[in-house]
Each structure stands twice: as structure tokens, then as C-alpha cells.
Amino acid sequence: MPPVSVIMPVLNEERHLRTSVRHILEQEYDGEMEVVIALGPSTDRTDEIAAELVREDSRVTTVPNPTGRTPAALNAAIKASRHPIVVRVDGHGMLSPNYIATAVRLLEETGAQNVGGVMHAEGENAWEDAVAAAMTSKIGVGNAAFHTGGEAGPAETVYLGVFRREALEQQDGYNVEFIRAQDWELNFRIREAGGLIWFSPELRVQYRPRPSVKALAKQYKDYGRWRHVVARYHQGSINLRYLAPPTAVCAIAAGLVVGAVLTPLGFVIPAGYLAAITAGSVPAGKGLPLKARLQIPVALATMHMSWGYGFLTSPRSLAKKVIASRRPAVRTGESETV
């Protein structure tokens, strides 16, 4: 089996980091493995836990990421790593036991440059269970296979990803200007260069949702904001699924204004939206406790409205910065990094 490098961008991950790394080190994989953790300026015990992991297992190393930004962390970890297969894992992601072995097999079978699978959201309390249900339902995220599952095949993007190193080096790694949506943007460039991105439901990563409404709203606002940047930077990369949340925000806002100023009939639009997400939360919450099921509409509305608001208010100056930026190289042995 080819040796693999696992790269992890982490910032304030004391809650999950040790468990996440344990899931990596206990993989059912016969090849050599290294884990490179890129440490941002955390304000909790993340650095202390990472240092303990380094002392406990020689396969674990760390590199600094003073910017705290995810794409910079990923590039720094790629540069510090050595092996021909690069596995991306987040500090709150839990790999299934045969994740790496399956991914390496799929790279060989498909000839893909990047393979990935399902972001299997699981909560640890009622709110997180509600968010997990929303994030894995079509009413919450549309037909995105890496959220909801589906048949194996070519994809626009995948969750996290297991890459051939040459694909990362050919693209000079992640674009550091993309604070969010850097996965989608990198996969778009790989596809534009003729590479294959492959989704398989065989690959599953346990994901811990954001722990509060405020944190979820910020996450999805940033998603929408930066997805609009990708659309400006890469013409033709947008589709109707991405336009649904901003359209809903505009329609609901218009309905509220019309209802308040002109006629109560305007309230039909926001009322219809509330009825739709309430009805959609019933199948999404199947099998969950009542407390979690009651919070699914809140999670759905938070995701939709925050994503749509972020998309609509994304400033054009961000796209200008991205277009003017120069992506630094991440090839092993080169002096320039991020």
C-alpha cells in the first residue's frame, strides 16, 4: 500500500482533536502513515493536546499556521508532508475505520485525482442532532451527494478529499484568498485541468455540527459569501441549487414588506416557507427525540437564510482580491510557503 500523509488544519479544536487523531492512527491500513497538524492561533488547549499527541506517537508532527486561515494551514501541512497520497481531515472529523484503505483503492480503480464521500453529520445533544438532520436532508442542502448520499460517480466536489500529490502540486495547492469554499474552488481547478473528482458513499466521515444557532448562522453566512466569490472568479460554476437560498431570502423579505405596508396577502410567502420547512422537518427528524425534532425548522431556517444573506451581501472587492492574488507553490522542498 502506498504511504499516505494526513493533513489537518486546526483552530480551537480541544473538544475533538484527540478523538479525531485517534480515528486516523487506528485506521485499518497497511501502508506507512504520517499526520501533519497545522496549528492556528488557538485560544483553548488545542496546542497543548497537539503537543501531547506528538510525544505519544512518532507519526504525528505539527507545523505553525499563524494566519489561522484554513487554506494557509492546508498548504503549510502539504508542504511539510512527504507521501504521494494526501488525505485531508478536519479537527472535528472522525474517519470510518477503513476510510484511507478504501480511498486509496478508489484512486487506483477510477484514476481520479481526488476522491471523497459522505459528510456524516452526528450531534452530541438535541440541537446538534437537529442540525445534523437538517444538513443531511434534501430540504436542507438540496441534492449535494456528499451531504445526502447517492450513487458513486464523478462529482463537482467532495467532502474533505483524498488527493494524488501531483494534482495538488499542479494546482499550487489551495488558493489562500478563499477563506471558505476553498475545497470547491480547488476541485473546480482540478476539473478544468482535466482531472476527475470522484464521489463514493463507501467513504464516510463523522462530522460534529456547530453547537449553537449563532455559530451555525456564521458558518452558513460565510459559505454563501464565499460561494458567490467562486461564482465571480470561475464563470459558469454556479447552478440553480446555489441560487435557491438567496431567492428565498429576497422573496420572504418582499413578502414581509408587502404584508406590512400594502396587504396582508404578502405574508403568504413567509408563511408558506415556514410551512414548507416544518413539513420537511418531519421526515428529516425521523427517529430523533422530540426535543431535537422541534429544533429542525430552526436549523433549516438558519442555514437557508444565512447562506442566502451571505450570498447576496458578498462584496465584489473579495473577488477582485482573489483575482489579483498569486497562489504560492506548495511543492516539497520549495522555499516559498503561506
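Results, tabulated for the structure shown:
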item: Some residue of the range 163-179 being open to solvent by less than 30 Å² (accessible area, probe 1.4 Å), in contact (Cβ under 8 Å) with a residue 12 or more places away in the chain and within 28 Å of THR278 (Cα to Cα); result: no
item: Residue check for GLU124: surrounded by fewer than 20 Cβ atoms within 10 Å (Cβ to Cβ) and either in contact (Cβ under 8 Å) with a residue 60 or more places away in the chain or under 30 Å from LEU294 (Cα atoms) (or both); result: yes
item: Residues satisfying the stated conditions in the range 180-191, i.e. in contact (Cβ under 8 Å) with a residue 40 or more places away in the chain, under 18 Å from GLY224 (Cα atoms) and either open to solvent by less than 20 Å² (accessible area, probe 1.4 Å) or among the aromatic types (Phe, Trp, Tyr) (or both); result: GLN182, TRP184, GLU185, ASN187, PHE188
item: Count of the range 54-87 residues which are among the polar types (S, T, N, Q) and either more than 23 Å from PRO41 (Cβ to Cβ) or assigned to a strand (DSSP E or B) (or both); result: 3
item: Qualifying positions in the range 241-274 - under 28 Å from LEU294 (Cβ atoms) and aromatic (Phe, Trp, Tyr); result: PHE267, TYR273
item: Failed item in (1) out of contact with any Lys or Arg (no Cβ under 9 Å at 6 or more places or on another chain); (2) of a type outside the set (Lys, Arg); (3) in contact (Cβ under 8 Å) with a residue 60 or more places away in the chain; (4) under 30 Å from ARG15 (Cα atoms), with ALA301 passing the rest; result: (3)
item: Among the candidates PRO283, PRO328, PRO297, residue that is out of contact with any strand residue (DSSP E or B) (no Cβ under 7 Å at 6 or more places or on another chain) and at pLDDT 95 or above; result: PRO297
item: Residue list for the range 102-112, filter: open to solvent by 20 Å² or more (accessible area, probe 1.4 Å) and either part of a loop (DSSP other than H, G, I, E, B) or among the hydroxyl-bearing types (Ser, Thr, Tyr) (or both); result: THR110, GLY111
item: Filter pass, TYR99 being in contact with a strand residue (DSSP E or B) (Cβ under 7 Å, 6 or more places away or on another chain), modelled with pLDDT of 90 or more and surrounded by 23 or more Cβ atoms within 10 Å (Cβ to Cβ); result: yes
item: Within the range 218-231, tally of residues that are open to solvent by 10 Å² or more (accessible area, probe 1.4 Å) and either of a type in the set (A, V, I, L, M, F, W, C) or farther than 30 Å from GLU169 by Cα (or both); result: 4
item: Every residue from the range 1-44 that is in a loop (DSSP other than H, G, I, E, B), closer than 21 Å to ALA76 by Cα and free of Cβ contacts under 8 Å to residues at least 60 places away in the same chain; result: ASN12, GLU14, GLU32, GLY40, PRO41, SER42, THR43
item: Sole exception among (1) open to solvent by less than 20 Å² (accessible area, probe 1.4 Å); (2) hydroxyl-bearing (Ser, Thr, Tyr); (3) under 29 Å from GLN170 (Cα atoms) for THR46, by number; result: (3)
item: Candidates ALA299, ALA276, ALA251 - the one that is crowded, with 21+ Cβ neighbours inside 10 Å, part of a helix (DSSP H, G or I) and among the hydrophobic types (A, V, I, L, M, F, W, C); result: ALA299
item: Tally of residues being modelled with pLDDT under 95 and open to solvent by 60 Å² or more (accessible area, probe 1.4 Å) across the range 198-217; result: 4
item: Contacts under 7 angstrom Cβ, first residue in the range 49-64 being closer than 17 Å to PRO9 by Cβ, partner assigned to a loop (DSSP other than H, G, I, E, B), 6 or more apart; result: ILE49/GLU14
item: Some residue of the range 306-315 being of a type outside the set (Gly, Ala, Ser), surrounded by fewer than 15 Cβ atoms within 10 Å (Cβ to Cβ) and at pLDDT 55 or above; result: yes
item: Answer from GLU169, GLU156 - the residue that is charged (D, E, K, R) and at pLDDT below 90; result: GLU156
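The values are calculated or read from the model by the stated rules, or taken from the named source; none is laboratory data. All values reported here derive from a predicted model rather than from experimental measurement. Every residue, glycine as well, gets a Cβ built from its backbone with ideal geometry; the counts of neighbours run over all protein chains shown. With ligands, DNA and RNA removed, areas are computed over all heavy atoms of the protein, side chains included. Shrake-Rupley method; radii C 1.70, N 1.55, O 1.52, S 1.80 Å.
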